[in-house]
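Some notes on the structure that comes next.
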Amino acid sequence: MNSYVLSVRIKMAGDVFGNQVGGATYLEVPDTATVPLPSHSVGTAKQWMTKVMEIANPDNVPEHQRDIVFFVHGYDTSPEESLKRQRLAELKLNEHGFRCMVIGFDWPSNDKTLDYLSDRGDALDTASVLVRDGIIPFTIFSSKDCPVKVHVMAHSMGAFVVREAFRRIDKLRDSDLANDWRVGQIALFAADISSSCFAADNADMLPVFNHCGRLTNYYSGFDLALAASNVKNIDLSSRVGRVGMPVDTPVPNKAVDVDCGPRYQAIPEPKLRILVGGFPSHSWYLEDEIWYEDLAQTLSGHTDRNYITSRHAKNGSNDFELNTD
């Protein structure tokens, strides 16, 4: 199946995307291609969404539907690597019983580890496009009689993109956009945002919780990239993808924490075999079958958070640990 990508990278000569911010480009990448190119553009947003909906909801029969999952990559990620991760997530989620299409949101990360602050600036500049030109149009374009569910999964700095996207759209309250839009599930993994912003009284995450059914945070205390992020970041507070949500203050009831550290420790040789670049301790989730089993059950929403079979209770409500085998 072809892959669908919403790119906000600048188009360069030679039919390639650059590492600067550009306008929204709607892509249909052939299944034989390994790199998204400007020539894969479908044209208008409506034409692109029509193609997506023909796959996600071909005949208005619920049993034939596929949910839509927006995949937001992290920093230091090329278009080629972002597409590889998007396709891997789509393959594994479907293998684990969750019928879905994974759509990539490709923001202009510089594919260089030392460009952390530059990537963060680009993330801010492009964040609102995710909601304005991606999520909300699907909620409008979807059939009222048989609506397609839309979810979001975000890795690393992609979680920052999601947070800022929801914040900015709420703050702008664009006259052209309805404010009653909503996604089903949000799954963050190795999220590069502050743990403290998940406190119930923190305004930074309030728009995210207001526009989703449930948010699940997958974290690991062994994440070396997020340890480095604490040093690089202007915000020196601990990352939620490394320490989880606050334990000394209430968090929203929609928030679920899943500690994946013990699972990472149980992997015999924790190294990346499919993906390229970065710390294995930061991206291992995308190659782990137990994590995909948990993610598939989470995104489907069919099972209550307390009965998902790939995890067990840790401390208190909404606090879990991923199974080790």
Pairs from Lys149/Lys171; Lys171/Lys271; Lys51/Lys271 whose Cα-Cα separation, in the structure shown, is over 32 Å: Lys171/Lys271; Lys51/Lys271
Segment Lys171-Asp304, length gained on full extension (0.36 nm per residue, minus Cα span): 44.7 nm
Fully extended, how many nm does the chain gain between His64 and Arg99 (0.36 nm per residue separation, minus their Cα-Cα distance)? 11.7 nm
Please give me, ordered by residue number, the GluC sites (Glu not before Pro) of the stretch 243-325 that lie in loop per DSSP and have at most 14 other Cβ atoms within 10 Å. none
Helix-only [θ]222 nm of the chain, DSSP H runs n ≥ 4, -39500 (n - 2.57) each, per residue, nearest 500: -9500 deg cm²/dmol
Suppose the chain between Asp31 and Lys254 were pulled fully straight at 0.36 nm per residue; how much longer would it get relative to their current alpha carbon spacing? 76.6 nm
On the protein heavy atoms, probe 1.4 angstrom, tell me the percent of accessible surface of the chain carried by carbon and sulfur. 52 percent
Summed over the other residues with a beta carbon less than 10 angstrom from that of Ser41, with K and R at +1 and D and E at -1, the charge totals 0
At 1.4 Å probe size, with every protein chain present, just tell me what the per residue accessible area of the stretch 17-107 comes to in Å². 38 Å²
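The values are calculated or read from the model by the stated rules, or taken from the named source; none is laboratory data. All of these numbers come straight from a predicted model, not from anything done at the bench. With ideal geometry, Cβ positions are generated from the backbone for all residues, glycine too; neighbour counts draw on all protein chains shown. Side chains included, ligands, DNA and RNA excluded: accessible areas come from the protein's heavy atoms. Shrake-Rupley method; radii C 1.70, N 1.55, O 1.52, S 1.80 Å.
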